[in-house]
Amino acid sequence: MPVISRPSPGKLQLARPLGIWITGVTASMNSRNFSKLHYLVAVVFCLTLSFGQTQAAKVSLDPSNWGSEAGASCLDCHRKASPGIATQWHDSAHGAAGVNCLDCHRADPADDDAMEHEGEVIAIIVSPKDCGHCHSTEFKQQQGSVHTDTLARMEHLIPTLTGTRGNSPAVSTGCSQCHGSRVEVRGDGTLAPDTWPNSGIGRINPDGSKGSCSACHNRHGFSRAAAREPGGCTGCHSGADSPDREVYAASSHGRLFASNKDRMNLDSDQWVAGRDYAAAPTCVTCHMGAAPGLKGTHDVGLREAWALNTPVSEKQSLIVFKDGDKREWPASRNPPRRGADFPKADGTIGKIKAVASPKTRRKIMTRVCLECHGKGFTTAAMRSFDALVKQYNTQYGEPARAIMQALYEKNLLTPLPFDEKLETTYWELWHDHGTRARHGAAMQSPNDTWWEGIHRVNRTFHDHFLPQVRGVAGDEITEALIREHLGQDTETGQSSSTEPFLGYGEGKTGHE
Ligand code: HEC
Ligand code: HEC
Ligand code: HEC
Ligand code: HEC
Ligand code: HEC
Ligand code: HEC
Ligand code: HEC
Ligand code: HEC
């Protein structure tokens, strides 16, 4: 039930369930006064509607394909063997629609992880591909998203932590729980404990599909309402890699959500910002959610203009391939053309269907803001965020990166990662503090932007990074590097005649 009814006719039109609307179009097509104009309007609205998730979950499989009797027998036992699971399922949309245990857990005997269980062939893992038999749209969007690419990116970016330490307990109970693992199947169809259980967002499943739908849709409830809450994201999006739980909680938006949760209409069939709720935006609103004229998506990376989790941030285009795969592409490099053959992230070649520039991606993101804010406000807020990222880049990220590169080139640092203190300091500079500052500015937490962010970046840079560079390279080389990359003679900042908080100038006559 919508909490908000807006008098805007265009929007009300969009709010109609698809079925009713199509009936309306058919009626007008049958009538004599149906004109070309009507037809055009119909097509445009139809497109917009198919973009919006504006009705009960669409299911791509015919109901005659589920609800088998063999599946009903699972319940007889599992009401006793695992009553919690049976209850969660019973209370879920799947329970209500008669999608039973076997409809999801059924396996092909040829599957790696197939096992015989009480007369049926089942698998423990119900992969995104399995869900995709019935939810093909969500499956396609999820498979092509940055979420499912995370293992490959992680292994490429931090081989030390992921490679040499391999399946260590710290990785399987830490990194893998958020990022995912390569799930290994043992001879009897059971899953290797150091690779499972986890619901990592980019887990590689025995059937080759990636990720886990239960990362956000906790089993066996699989509810939309729960996934719309910030808690559906912040289990992973917290801490140094992605401090969004802290950032959001401190922002106006997070505080409004906390005090208005009962006005968020989380159970609604459709959940269009500004129409079905307006009290506060959640993570989902901005990164996945629908707004009038904007479709919801299971690709969380689509609306990101920047790469924020890098030593130096760069704007990025999104390359979309014909088969739905995607690849990020730095905006500073010439974007490839539509229709061209181009290497995908994994090295294989694909045909390009579309390229979304950072500007387009930003436009999609701000479409959501405009439901609750004015255009000038939104543009100014985004401009301040962009300016902070640029300040971080030029003042800290770029000089620090250039100095590190120079030290490796001069063989003043060994290629062995994290064996020298300076390497850890550099990591803390851009990753722990720099990421927090940038996320803070993107999502409006002044504390994370400044005290936990830039303030710490600045201190790490001047109090630890540069002194350690001096220790490694000596005064002469360090001064030359500072001149070249910071454009000044020493690393100290400007001076003033007084600094009352430090006591400087306080004792002199003429000062208060
Ligand atoms: C990153 C978190 C996340 C992941 C991963 C995820 N979902 Fe969702 N899903 C959501 C959210 C949030 C919603 C509600 C969106 C809304 O209404 O704005 C949703 C909604 C849905 C819906 C209801 C759609 C409708 O028409 O209302 C289905 C079906 C669904 N997801 C299936 C899947 C499947 C299948 C997978 C795995 C391939 C998956 N989801 C993975 C977060 C996620
Ligand atoms: C005769 C009783 C019985 C029937 C029928 C039955 N199960 Fe089970 N199942 C169990 C018990 C007991 C366990 C728990 C074993 C354990 O503790 O690991 C179990 C475990 C499981 C597991 C977890 C396996 C693991 O290693 O963690 C899954 C998945 C499962 N059942 C699914 C099903 C499905 C799907 C059906 C219907 C095709 C089904 N079960 C039918 C009794 C049954
Ligand atoms: C909508 C699909 C779906 C349905 C219906 C479903 N499951 Fe599952 N089940 C899953 C998913 C997804 C997992 C998570 C596997 C993983 O990724 O590790 C799972 C995991 C399990 C597990 C192992 C994990 C654990 O927590 O022990 C058991 C046991 C299980 N299901 C039993 C059942 C039973 C019994 C039913 C019927 C009452 C059922 N499932 C219905 C999707 C489903
Ligand atoms: C199971 C853990 C997990 C959950 C749950 C999760 N994420 Fe993520 N998310 C990740 C990881 C890991 C990455 C990093 C992917 C990469 O860049 O390698 C990521 C990346 C992202 C990105 C960055 C995309 C980019 O362009 O770099 C966004 C935005 C995001 N997630 C939003 C969300 C939202 C919104 C939700 C909840 C609806 C959510 N995530 C739920 C683990 C998770
Ligand atoms: C609490 C969940 C969590 C844990 C634990 C975790 N990460 Fe992350 N990590 C994330 C999220 C979420 C992101 C996405 C940040 C973003 O894009 O803003 C991320 C980003 C990254 C990235 C940057 C990828 C990219 O393309 O943006 C790397 C590399 C990475 N993590 C490696 C690791 C490694 C290695 C470990 C363990 C030693 C680990 N992470 C532990 C959640 C986690
Ligand atoms: C055999 C078909 C089938 C399979 C397999 C299946 N679903 Fe569904 N799903 C449905 C049906 C039917 C509904 C109910 C649609 C409705 O009521 O509008 C539904 C509804 C949903 C919803 C919306 C729930 C809500 O709150 O209204 C989500 C989310 C969802 N499924 C996720 C999943 C995930 C994740 C998997 C895999 C683990 C999965 N489904 C597997 C058929 C299926
Ligand atoms: C009011 C809208 C809004 C809300 C609410 C919001 N975000 Fe964001 N988020 C943004 C914007 C804007 C950016 C920066 C986009 C860009 O790169 O241009 C961003 C960036 C991110 C990134 C960094 C992606 C990268 O480029 O590395 C992650 C991860 C993320 N958000 C996750 C979350 C999570 C998790 C939540 C909820 C706890 C959340 N966001 C709440 C708007 C929002
Ligand atoms: C669902 C409604 C909603 C959406 C969507 C939304 N906001 Fe907000 N936002 C608010 C409300 C309400 C406040 C005021 C909170 C207050 O007064 O404390 C706010 C506060 C802010 C503030 C703090 C400024 C101040 O005056 O204190 C900024 C900045 C902001 N929003 C930017 C954005 C951006 C950028 C987006 C889109 C990426 C966005 N908002 C999306 C409702 C929303």
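Would you mind ranking 325, 267, 62, 113 by Cβ crowding within 10 Å, fewest neighbours first? Let's see the in-between values first.
Values: 325 18, 267 11, 62 8, 113 21.
With the fewest neighbours first, 325, 267, 62, 113 line up as 62, 267, 325, 113.
Below 14 angstrom from the Cβ of residue 229, what's the summed charge of the other residues (Lys, Arg +1; Asp, Glu -1)?
Every neighbour counted, the sum reads +2.
At 222 nm, what value in deg cm²/dmol follows for the chain if DSSP H runs of at least 4 each add -39500 (n - 2.57) and the sum is divided by all its residues, to the nearest 500?
Calculated at 222 nm, the ellipticity per residue is -11500 deg cm²/dmol.
Quick one: compute the contact order of the stretch 52-138, relative version, from alpha carbon pairs under 8 angstrom and 6+ residues apart, as a percent.
Answer for the stretch 52-138 is 31 percent.
Taking just the alpha-carbon atoms of the chain, what radius of gyration and Dmax come out, in angstrom?
Rg then Dmax for the chain, in Å: 26.8, 94.
Could you please report the charge total around residue 92, scoring K, R as +1 and D, E as -1 over all other residues with beta-carbon less than 12 angstrom from its beta-carbon?
+1
Provide the FRET efficiency to the nearest 0.05 for the residue 411-residue 363 pair, computing r from the beta carbons and using R0 = 45 Å. The partial results should precede the final answer.
Details: r = 47 Å, r/R0 = 1.04.
Rounded to the nearest 0.05, the efficiency is 0.45.
Take residue 137 and residue 110, extend 7 Å from each Cα along the Cα→Cβ direction, and tell me the distance between the two endpoints in nm.
3.1
Could you check the simple spin-label distance between residue 381 and residue 129, using points 7 Å along Cα→Cβ, in nm with one decimal?
4.2
Report the calculated FRET efficiency for residue 470 and residue 61 (r = Cβ-Cβ distance, R0 = 51 Å), to the nearest 0.05.
Efficiency computed from Cβ-Cβ geometry: 0.20.
Search the structure for amide H atoms under 5 Å from the amide H of residue 182, placed 1.01 Å from N in the peptide plane, and list their residues when 5 or more places away or on another chain.
Placed amide hydrogens put 204 under 5 Å from residue 182.
Within the stretch 113-204, which trypsin sites (Lys or Arg not before Pro) sit in a loop by DSSP and count at most 15 neighbouring Cβ atoms inside 10 Å? Display every interim value, and only then the final one.
On the way: sites: 129, 140, 153, 165, 182, 186, 203; in loops: 165, 186, 203.
Qualifying residues, ordered by number: 165, 186.
Please report, in cubic angstrom per residue, the volume enclosed by the convex hull of the alpha-carbon atoms of the stretch 362-512.
Cα-based convex hull of the stretch 362-512, divided per residue, equals 172 Å³.
According to a simple spin-label model (label point 7 Å from Cα along Cα-to-Cβ), what is the distance in nm between residue 353 and residue 424?
A separation of 4.7 nm, rounded to one decimal place.
Would you list which lysines come within 21 Å of residue 363, measuring only between C-alpha atoms, while excluding same-chain residues fewer than 8 positions from it?
Filter leaves 11, 295, 315, 326, 353, 375, 390.
Restricting to DSSP loop positions (anything but H, G, I, E, B) with no more than 14 other Cβ atoms inside 10 Å of their own Cβ, which trypsin sites (Lys or Arg not before Pro) remain in the stretch 385-426?
Listed in order of number, the matching sites are 410.
Efficiency by 1/(1 + (r/R0)^6): what FRET value for residue 252 and residue 158, r their Cβ-Cβ distance, R0 = 45 Å, to the nearest 0.05?
0.85
Under 8 Å for C-alpha pairs, at least 6 residues apart: give me the relative contact order for the chain, rounded to a whole percent.
Details: 716 pairs, mean separation 61.9, N = 512.
Reported as a whole number, the value is 12 percent.
Values quoted throughout were computed directly from the atomic coordinates according to the rules given, and no laboratory measurement underlies them. Remember, predicted model here, so these are calculated numbers, not experimental data. Reconstructed Cβ throughout: ideal geometry from the backbone, glycine too, with neighbour counts over all protein chains shown.
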